[in-house]
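Single-structure report; data block below.
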Amino acid sequence: MHELMTIIRKHPEVSTEDFRHFMEHEYGPTYAAMPQVNRYVQFYLDDMSSGDGAPAVDAIVQIAFSSAEDMKTALATDAYRQVAERRKAFMLDAPEGIHPTRIAATKILV
């Protein structure tokens, strides 16, 4: 399994309601429709950081593919390119606004 966790920060001028609407009705469904995607989960956050100057984290998205090749195929589609262009109106630019990471290992302690 090839799993990604993507940290997302919205533009400050975009309301939380508009951001979440975009995520639920445009961004997420694009991934959900891709046959290469095995799992897609959106986590909305109330960032509790204490004013360190960094923009708040608004969401984390978990995306799972069977392989790195499936991920590469999915991210090469026209549908992905279109929603990636559209997200620029809602999310800060990478790496501050959209920061993908690959899950290297998972340890469940409880």
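The values are calculated or read from the model by the stated rules, or taken from the named source; none is laboratory data. Nothing here was measured: the structure is a model prediction, and the numbers come from that model. Here the Cβ positions follow ideal geometry from the backbone for every residue, glycine too, while neighbour counts run over all protein chains shown.
If I ask for residues that are touching a Phe, Trp or Tyr at 6+ places or on another chain (Cβ under 7 Å) and either farther than 14 Å from T30 by Cα or touching a residue at least 60 places away in the same chain (Cβ under 8 Å) (or both), which ones from segment 63-80 would you list? Show your work before the answer.
Taking segment 63-80 and keeping what is touching a Phe, Trp or Tyr at 6+ places or on another chain (Cβ under 7 Å), we get 63, 71, 74.
Within segment 63-80, I63, M71 meet the criteria.
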> For segment 86-110, what are the residues that are free of Cβ contacts under 8 Å to residues at least 60 places away in the same chain and either over 22 Å from A56 (Cα atoms) or not in a helix (DSSP H, G or I) (or both)?
Replying inline: D93, A94, P95, A104, A105, T106, K107, I108, L109, V110
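Could you list all residues from segment 17-53 that are exposed (fewer than 10 other Cβ atoms within 10 Å of the Cβ) and either modelled with pLDDT of 95 or more or of a type in the set (S, T, Y) (or both)?
Step one: list which residues in segment 17-53 are exposed (fewer than 10 other Cβ atoms within 10 Å of the Cβ), which gives 17, 25, 35, 46, 48, 50-53.
E17, H25, P35, S50, listed by residue number.
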>> I'd like to check which strands (runs of 3 or more DSSP E) are fully inside segment 1-68 and have at least 3 residues that are farther than 18 Å from E96 by Cβ.
In response: 37-44, 59-65
> If you go through segment 4-57 one residue at a time, how many are touching a Lys or Arg at 6+ places or on another chain (Cβ under 7 Å) and under 22 Å from Q82 (Cα atoms)?
Replying inline: 4
> Would you pick out the residues in segment 47-94 that are under 25 Å from P35 (Cβ atoms), of a type outside the set (A, V, I, L, M, F, W, C) and more than 13 Å from the chain's Cα centre (by Cα)?
Replying inline: S66, S67, E69, D70, K72, T73, T77, D78, R81, Q82, E85, R86
> Within segment 69-81, can you find the residues that are of a type in the set (D, E, K, R) and either more than 19 Å from T101 (Cβ to Cβ) or exposed (fewer than 12 other Cβ atoms within 10 Å of the Cβ) (or both)?
Replying inline: E69, D78, R81
> Exactly one of (1) touching a His at 6+ places or on another chain (Cβ under 9 Å); (2) modelled with pLDDT under 95 is unmet by A104. Its number?
Replying inline: (1)
